[in-house]
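The values are calculated or read from the model by the stated rules, or taken from the named source; none is laboratory data. Remember, it's a predicted structure, so these values are computed and weren't measured experimentally. Cβ coordinates were reconstructed from backbone atoms using ideal geometry, including for glycine residues, and neighbour counts include every protein chain displayed. With ligands, DNA and RNA removed, areas are computed over all heavy atoms of the protein, side chains included. Shrake-Rupley method; radii C 1.70, N 1.55, O 1.52, S 1.80 Å.
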Amino acid sequence: EKLILYFHNDPLTMSGSKTTEERLYLLNNIDRIIFNSMWSKKRFFIGLPDQSKFSNKTFVCYQSSSKTKINFKKKEKIISFIGKLNRAKGYDLFGETIIKILNKHKEWNAKVIGDEPRERLYYRHKNLKILGFKNNKFILNSLKKISISIICSRWNEPFGRTSLEAASRGCAVIISDRGGLPETTPSAVILKRLSAKDLFIAIDNLINNKKKLLELQRQNHLNFTYTHKFVANIIDDIRKSL
């Protein structure tokens, strides 16, 4: 019987892997340990000796999404925020910024998909639609029309499914440099500082530079790697290694 452990969150915050002793125990008693990003894997090995000793036991298996054809002529002037509407996800930064963007660029709209019963952050604008929780099918279909997707998390995202899916649907993606987010796509605009001012500049630059906007959209779609088939092959390789 083989034991496989999959980390989908920050290993150093999960019960049973916080201390070096706990992680050494896992390495010596689990047949395979799988992480959802290189960032998560590196976190797991903080303070541990000789990572190479366990290279045959540890793997990275990213989350995946489908890849579909995108008609970039059907992209609309829409900016999105998808996820929990809280400060950890940077929704307050998005809310403060998007009001200023919509006031300046009156032909643009914004869509927010998600909810958060524990925090109350309200932002209102005639061109801002807050749609609440929606299923994944609705989100993927919406992303086909969205031009710019914002993922400005404060906390260290172990990977970043929202960014992954936005890239798969040919959106220009603006992300914070937190956790595994930079691993979701090589063509993201990465905020140097996580502030409403810097987020405004990043969005404003893309709106004012249509050529750059289209280039980033096409690059994200063209370079999208983490398809279901790609990830299934990783899982097959892990299974074969047992």
Check your understanding: Could you give me the ³J(HN,Hα) list for the range 38-46, computed from phi with Karplus coefficients 6.51, -1.76, 1.60 and θ = phi - 60°, whole Hz, x at Gly and Pro?
Key -> 5, 4, 5, 5, 4, 4, 4, 8, 4
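What does the net charge come to around PRO11 if you take all other residues with beta carbon closer than 12 Å to its beta carbon, with K and R at +1 and D and E at -1?
Working: positive: LYS18, ARG23, LYS41, LYS42, ARG43; negative: ASP10, GLU22.
Residues near PRO11 contribute +3 overall.
Looking at the chain, do any whole DSSP H helices span at least 15 angstrom along their long axis by alpha carbon and average 0.0 or above on Kyte-Doolittle, and which?
Working: long enough: 91-104 (19 Å, 0.23); 196-208 (18 Å, 0.74); 210-222 (18 Å, -1.40); 228-241 (20 Å, -0.32).
Helices meeting the span and hydropathy rule in the chain are 91-104, 196-208.
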Check your understanding: Considering the dipole of the chain built from charges on the beta carbon (Lys and Arg +1, Asp and Glu -1) around the Cα centre, which of ASN233, HIS105, PHE81 is farthest to its positive end?
Key -> HIS105
Exercise for review: Give the Cα extents of the range 142-183 along the principal axes, in whole Å, largest first.
Suggested key: 28, 13, 13
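Would you calculate a helix-derived [θ] at 222 nm for the chain, using -39,500 (n - 2.57) for each DSSP H run of n ≥ 4 and dividing by the full residue count, to the nearest 500? Can you show the working numbers first?
Values: 8 runs with 87 residues, N = 242.
About -11000 deg cm²/dmol.
For LYS18 and LEU242 in the same chain, what is the full-extension length gain: residue separation times 0.36 nm, less their Cα-Cα distance, in nm? Don't jump to the answer; show the numbers that get you there.
Values: separation 224, 0.36 × 224 = 80.64 nm, distance 2.63 nm.
That pair, LYS18 and LEU242, stretches by 78.0 nm at full extension.
Suppose all protein chains stay in the model; what accessible area per residue would a 1.4 Å probe give for the chain, in Å²?
Numbers: 12630 Å² over 242 residues.
Averaged over the residues of the chain, the accessible area is 52 Å².
If the chain were replaced by its equivalent ellipsoid, with semi-axes equal to the square roots of 5 times the Cα gyration tensor eigenvalues, what would those be, largest first, whole Å?
Working: eigenvalues 249, 80, 45 Å².
Square roots of five times the eigenvalues give 35, 20, 15 Å.
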Exercise for review: Quickly work out the ILE234-to-LEU3 label distance, labels modelled 7 Å from Cα along the C-beta direction, and quote it in nm with one decimal.
Suggested key: 2.4 nm
Practice item. Would you please state which residues of the range 117-131 a label at GLU96 would reach in this model, taking the label point 7 Å out along Cα→Cβ and a backbone N cut-off of under 17 Å? Key: 120-124
Point to revise | Partner lysines for LYS57 [C-alpha distance under 21 Å; skip if fewer than 8 residues away on the same chain] | key: LYS2, LYS18, LYS41, LYS42, LYS240
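Between SER55 and LEU222, what's the calculated FRET efficiency when r is the beta-carbon distance and R0 is 25 Å? Round to 0.05.
Values: r = 31 Å, r/R0 = 1.26.
Given R0 = 25 Å and the Cβ-Cβ separation, E is 0.20.
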Exercise for review: Let me know the shape class of the range 178-242, please: from the alpha-carbon gyration tensor, a ≥ b ≥ c as square roots of the eigenvalues, rounded when a/c is under 1.5, otherwise prolate if a/b is greater than b/c, or oblate.
Suggested key: oblate
Check your understanding: If you take the alpha carbon radius of gyration of the range 118-169 and divide it by 2.2 N^0.38 Å, what ratio comes out, to two decimals?
Key -> 1.28
Check your understanding: Gap in Å between the Cα centre of the range 155-196 and the Cα centre of the range 9-76?
Key -> 17 Å
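Just need the Rg to Rh number for the range 103-242, please, alpha carbons only, Kirkwood Rh.
Working: Rg = 16.4 Å, Rh = 16.4 Å.
Radius of gyration over Kirkwood radius for the range 103-242 works out to 1.00.
Give me the percent of accessible area attributable to carbon and sulfur for the chain, probe 1.4 angstrom. Mind dumping the intermediate values first?
On the way: 6560 of 12630 Å².
So the carbon and sulfur contribution to the accessible surface is 52 percent.
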Review point. Which of the peptides 172-185, 29-42, 80-93 is most tightly packed, and how do the rest follow, judged by the mean count of other Cβ atoms within 10 Å per residue?
Key: 172-185, 80-93, 29-42
